[in-house]
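Reviewing the structure listed below.
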Amino acid sequence: MDHYFSGYALVGLLIVLGIGFVATSFGANALLRPSRPSPGKQSTYECGVEPTDGGWAQSYIRYYVFAYLYVVFAVDAVFVFPWATILATVGFGTATLLEMFVFLGVLATGICYTWRKGVLSWV
Amino acid sequence: MGRLHLRYDMMAVLTIGIRLAAVLTGFLVLPLLVGQLEHKAMAHMQARLGPMEAGRFHGWAQLVADGVKFVQKEHVLPDRADRAMFSLAPALALLPYLVILVVIPLGPSLLGVDLDAGLLFVLAAMGVSVLGAVMAGWASGNKYAQLGGMRSAAQLMAYELPLVLVAGSVAMAAGTLSLPGIVAAWSLWWLGWQGIGAVVFFTAGLAELHRPPFDMPVADSEIIMGPYTEYTGLRFAFFLLAEYAGIVVLCALTATLFLGGWRGPYEQQLGWLWMLLKTFALSFVVIWMRATYPRLRADQLQQLAWKVLVPLALIQTGRDRRGEGGGVRCGYLGPAWCTGC
Amino acid sequence: MTGLDVAVLGFGLLMLAAAVAVVTTKQLVHAALWLVVSFAALAACYLLLTAEIVAWVQVLIYVGAIVVLLLFGIMLTRSPTGPSSDVDTRNRWPARTVALAVGALLASTAIGPFWSTYLPLSASSAGSAKVLGTALFRFWVLPFELLSLLLLAALVAAVVLTRAKTGRSDRPVLARSSSGRGPAIGAGRR
Amino acid sequence: MHLALAIALSAALFTVGVYGVLVRRNAILVLMSIELMLGAVNLNLVAFDLLHHDRLRSGQVLALFVIAIAAAELGLGLAIVLLVYRNHGTIAIDAVRDHADRDPATVDRAS
């Protein structure tokens with residue numbers, strides 16, 4: 001109990017400390033830096049050319065497919081961790097191992113499917 | 001009695017203070033050392049001298065001078081930018097690495113805190129830091145920045161998976177998620193056993209940090225630093241610091257998980273030294289890679305991740321059927337099939 | 001009220017405030033980022049409840065993956081950079097009424113019986129990887145395997161859905177993109 | 001800590017989620033609100049798991065399953081939203097009425 005809460009309290013303190021560090025350096029920056037805004041300076045940087053139509057660029061759906069692939073696999077990957085910690089304990093042996101292999105095998109099927117469908121080769 | 005309690009509390013507060021101060025110092029000093037190493041090592045690889053002026057002796061104070069310069073630079077806020085997000089993104093990119101450092105052990109008891117779910121904590125925090133790049137890319141209101149943001153997000157998603165899988169493989173070998181626990185369980189033959197995992201972890205980590213040859217999201221010759229295009233001054237410096245802090249974290253993690261952390265000759269006395277040496281040796285490899293390999297294309301990046309690293313990581317996880325320690329260690333289809341039921 | 005109560009209340013209020021921002025902000029990307037804040041605070045609540053693994057899985061999956069997915073979705077549907085006026089329907093008051101009614105119902109039915117129940121958070125390992133792993137692989141094996149099948153099905157579905165448009169470009173579906181901006185998805189070849 | 005606190009927070013979060021689902025026009029924002037509701041459910045599951053301490057750890061395991069399934073659901077939902085956007089040029093959920101039960105003679109407002 002003590003160890004658990006004191007450990008995370010330390011992490012929390014460190015986060016607070018980090019925010020303090022960032023705030024201090026931004027504050028020092030605000031005091032030390034000049035501030036001379038001008039329209040040219042504040043326009044969007046496009047390699048010295050006049051910026052054209054908005055700050056929006058079209059993206060590929062392909063990014064979405066890869067992102068979704070990741071989500072699906074990340075969801076299983078998190079189950080690997082509880083599994084990893086108990087495999088060596090008494091009472092969990094080959095059966096647990098095989099269960100995980102079935103799980104991973106189904107997912108490997110998924111990746112084979114996407115591979116065959118050509119999703120993994122960009123464009 | 002009461003006084004004893006008070007003294008105990010004082011001690012506890014002092015210990016916590018020392019730990020926090022040590023983590024913060026490490027966070028501020030180690031990335032600078034890696035940065036300086038990069039300046040000098042890369043210069044010598046390219047038959048240059050690198051920085052020589054600042055601090056007189058081989059330009060050791062170059063990065064300090066850079067920092068002083070960055071603090072005094074103007075913060076240019078583009079008209080199209082989303083003000084709050086634009087200003088906060090660098091902090092979001094930087095802070096996760098500070099937080100990760102707290103669980104990395106320099107020695108058996110020489111660490112910020114030993115979390116029971118340390119490994120999962122580290123992976124979660126690494127995922128958060130990428131949000132900084134995506135936020136920066138979107139908030140800049142610049143096409144190149146947005147493209148860079150998308151690319152870094154896509155890259156993160158491709159490489160986080162092998163990272164998570166091989167981390168799971170190590171956790172299985174050690175039977176614990178606590179980082180000191182993993183180092184304690186480490187033994188020399190893991191080098192061969194977890195070798196694939198080490199390579200996959202290190203490569204995927206490089207990709208997550210956008211280090212060359214995986215620097216397509218920030219390719220300066222192509223999309224002018226990607227998400228960081230519009231950044232100036234201290235906020236830009238924060239992104240740089242995040243990159244180098246990321247190198248430190250990645251190398252320290254690889255050393256902890258795969259190379260045995262503080263383990264080595266005289267580990268009782270010199271453990272911290274081994275850990276630091278391993279970390280810096282790996283950092284040198286990171287720099288070496290930058291000077292050696294050309295940038296990968298978007299399709300090559302994704303194919304490397306999904307067609308090479310993920311299958312390798314799956315193989316690594318699959319190979320793990322024999323762990324260490326007690327319990328049931330029967331082969332895959334061995335006669336002890338019943339023990340688990 | 002113990003310190004733990006105060007901490008849970010603090011993070012809980014942060015979570016609620018961020019959630020309110022998610023459902024009221026006019027900017028889509030801000031909504032996604034408030035969602036991050038809300039879920040981070042929720043993860044902190046899990047941590048305080050000693051559900052360690054659930055907390056970090058929450059951060060890993062939601063912050064690292066789902067929010068990025070949402071951001072992709074937002075960027076692919078061409079959301080404006082600034083605030084947009086048409087993110088809400090006009091029935092704001094009916095929505096408020098219904099939501100408050102649901103909330104009141106939940107609160108009255110769920111809080112009542114447990115008004116004075118005290119959560120004994122003595123076992124710090126209540127949510128550790130070992131405990132959850134033991135439960136998962138001893139009692140929840142079948143749901144766990146079914147989950148993999150579900151994920152496989154979802155993966156196949158997503159591939160089919162997103163590949164639909166990368167096929168022939170003379171499909172009637174594509175021709176119906178009438179806003180004059182052309183097909184936005186997979187429009188690298190515009 | 002008091003269980004009522006967790007339940008109250010969870011109920012409030014669920015309320016916010018319900019409001020979001022009802023009031024939002026943009027389909028992606030609706031999906032986000034659904035995630036809020038699922039988060040509220042998870043908070044309840046975890047809190048009651050710690051109360052009951054059963055051998056199955058049902059609450060926490062179910063919370064893990066909910067997170068996993070929510071991820072799959074959201075990804076698929078977004079894929080559908082992207083398709084809708086491609087076909088209709090909008091993802092305002094009240095503008096997409098292809099499957100609405102009404103007289104086919106009325107004007108097609110979908111596109």
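The values are calculated or read from the model by the stated rules, or taken from the named source; none is laboratory data. Quantities reported herein were computed from a predicted structural model and do not represent experimental measurements. For neighbour counting, all protein chains shown are included, and Cβ atoms are generated from backbone atoms with ideal geometry for every residue, glycine included.
For the range B:249-290, name all the residues that are within 14 Å of B:LEU206 (Cα to Cα) and more than 15 Å from the chain's Cα centre (by Cα). The answer is B:TRP288, B:MET289, B:ARG290. Please work out which residue is nearest to B:VAL134 (Cα to Cα), limiting yourself to the range B:79-108 and to residues that are touching a Ser or Thr at 6+ places or on another chain (Cβ under 7 Å) and small (Gly, Ala, Ser). Here the residue is B:ALA93. The single condition among (1) closer than 22 Å to B:ALA22 by Cα; (2) not in a helix (DSSP H, G or I) that B:THR176 does not satisfy is (1). Which residues, counting only those in the range C:90-120, are within 30 Å of B:LEU177 (Cα to Cα) and surrounded by fewer than 18 Cβ atoms within 10 Å (Cβ to Cβ)? Within the range C:90-120, C:PRO120 is the sole residue that qualifies.
Checking each residue in the range B:260-310 for being surrounded by 16 or more Cβ atoms within 10 Å (Cβ to Cβ) and within 14 Å of chain A (Cβ to nearest Cβ) picks out B:LEU296, B:ALA298, B:LEU301, B:GLN302, B:GLN303, B:LEU304, B:ALA305, B:TRP306, B:LEU309, B:VAL310. Scanning the range B:148-169 turns up one or more residues that are without any contact (Cβ under 8 Å) to a residue 12 or more places away in the chain and within 17 Å of the chain's Cα centre (by Cα). Go through the range B:57-79 and count every residue that is more than 10 Å from chain A (Cβ to nearest Cβ) and touching a residue at least 12 places away in the same chain (Cβ under 8 Å). Within the range B:57-79, residues that are more than 10 Å from chain A (Cβ to nearest Cβ) and touching a residue at least 12 places away in the same chain (Cβ under 8 Å) number 7. Is there a residue in the range B:326-335 that is more than 8 Å from chain A (Cβ to nearest Cβ), modelled with pLDDT under 70, more than 30 Å from B:GLY26 (Cβ to Cβ) and not in a loop (DSSP other than H, G, I, E, B)? The answer is yes; a qualifying residue exists.
State whether the residues of the range D:18-35 include one that is without any contact (Cβ under 8 Å) to a residue 60 or more places away in the chain, among the small types (Gly, Ala, Ser), more than 7 Å from every other protein chain (Cβ to nearest Cβ) and part of a helix (DSSP H, G or I). The answer is no, given that none of the residues of the range D:18-35 is without any contact (Cβ under 8 Å) to a residue 60 or more places away in the chain, among the small types (Gly, Ala, Ser), more than 7 Å from every other protein chain (Cβ to nearest Cβ) and part of a helix (DSSP H, G or I). If only residues of the range C:7-19 that are out of contact with any Gly (no Cβ under 9 Å at 6 or more places or on another chain) and within 25 Å of C:THR89 (Cβ to Cβ) are counted, the one that is surrounded by the most Cβ atoms within 10 Å (Cβ to Cβ) is C:ALA18. Within the range B:56-75, the set of residues being among the hydrophobic types (A, V, I, L, M, F, W, C) and either crowded, with 19+ Cβ neighbours inside 10 Å or not in a loop (DSSP other than H, G, I, E, B) (or both) comprises B:LEU63, B:VAL64, B:ALA65, B:VAL68, B:PHE70, B:VAL71.
Restricting attention to the range B:1-24, does a residue exist that is assigned to a helix (DSSP H, G or I), closer than 30 Å to B:TYR293 by Cα and either at pLDDT 80 or above or in contact with a strand residue (DSSP E or B) (Cβ under 6 Å, 6 or more places away or on another chain) (or both)? The answer is no, given that none of the residues of the range B:1-24 is assigned to a helix (DSSP H, G or I), closer than 30 Å to B:TYR293 by Cα and either at pLDDT 80 or above or in contact with a strand residue (DSSP E or B) (Cβ under 6 Å, 6 or more places away or on another chain) (or both). Restricting the range D:52-64 to residues that are more than 7 Å from every other protein chain (Cβ to nearest Cβ) and in a helix (DSSP H, G or I), the residue that is surrounded by the most Cβ atoms within 10 Å (Cβ to Cβ) is D:GLY59. For residues in the range C:47-73 being more than 15 Å from the chain's Cα centre (by Cα) and more than 11 Å from chain B (Cβ to nearest Cβ), which is surrounded by the most Cβ atoms within 10 Å (Cβ to Cβ)? The qualifying residue surrounded by the most Cβ atoms within 10 Å (Cβ to Cβ) is C:LEU49. The condition of being in contact with a strand residue (DSSP E or B) (Cβ under 7 Å, 6 or more places away or on another chain), modelled with pLDDT under 85 and either surrounded by fewer than 22 Cβ atoms within 10 Å (Cβ to Cβ) or within 13 Å of chain B (Cβ to nearest Cβ) (or both) holds for only one of C:LEU28, C:LEU4, C:LEU76, that being C:LEU28. Please work out which residue is farthest from A:ILE15 (Cα to Cα), limiting yourself to the range B:40-55 and to residues that are part of a helix (DSSP H, G or I) and touching a helix residue (DSSP H, G or I) at 6+ places or on another chain (Cβ under 6 Å). Ranking the qualifying residues of the range B:40-55, first place goes to B:MET45. Per the conditions (1) closer than 29 Å to B:ALA84 by Cβ; (2) touching a residue at least 12 places away in the same chain (Cβ under 8 Å); (3) buried (at least 24 other Cβ atoms within 10 Å of the Cβ), the sole criterion not satisfied by B:LEU120 is (1).
Among residues that are closer than 26 Å to C:LEU119 by Cβ, of a type outside the set (D, E, K, R) and within 7 Å of another protein chain (Cβ to nearest Cβ), C:ALA44 is not included.
Can we say B:GLY118 is in contact with a Ser or Thr (Cβ under 7 Å, 6 or more places away or on another chain), more than 7 Å from every other protein chain (Cβ to nearest Cβ) and over 20 Å from B:GLN302 (Cα atoms)? Here the answer is yes, as B:GLY118 does meet what is asked. With respect to B:PHE239, is the statement that it is modelled with pLDDT of 80 or more, aromatic (Phe, Trp, Tyr), surrounded by fewer than 24 Cβ atoms within 10 Å (Cβ to Cβ) and farther than 27 Å from B:LYS69 by Cβ true? Judged against the criteria, B:PHE239 is not a match.
For every residue, the table says whether it meets (1) within 18 Å of C:LEU35 (Cβ to Cβ); (2) surrounded by fewer than 18 Cβ atoms within 10 Å (Cβ to Cβ).
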site	(1), (2)
D:GLY17	yes, no
D:LEU50	no, no
D:VAL66	yes, yes
D:ALA71	yes, no
D:ALA95	no, yes
D:ASP98	no, yes
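Taking the criterion of being touching a Phe, Trp or Tyr at 6+ places or on another chain (Cβ under 7 Å) and either among the acidic types (Asp, Glu) or more than 14 Å from chain C (Cβ to nearest Cβ) (or both), would at least one residue in the range B:80-93 satisfy it? Scanning the range B:80-93, I find at least one residue that is touching a Phe, Trp or Tyr at 6+ places or on another chain (Cβ under 7 Å) and either among the acidic types (Asp, Glu) or more than 14 Å from chain C (Cβ to nearest Cβ) (or both), so the answer is yes.
Test C:GLY127 against the stated conditions and say whether it is crowded, with 24+ Cβ neighbours inside 10 Å and within 7 Å of another protein chain (Cβ to nearest Cβ). For C:GLY127, the condition - crowded, with 24+ Cβ neighbours inside 10 Å and within 7 Å of another protein chain (Cβ to nearest Cβ) - is met.
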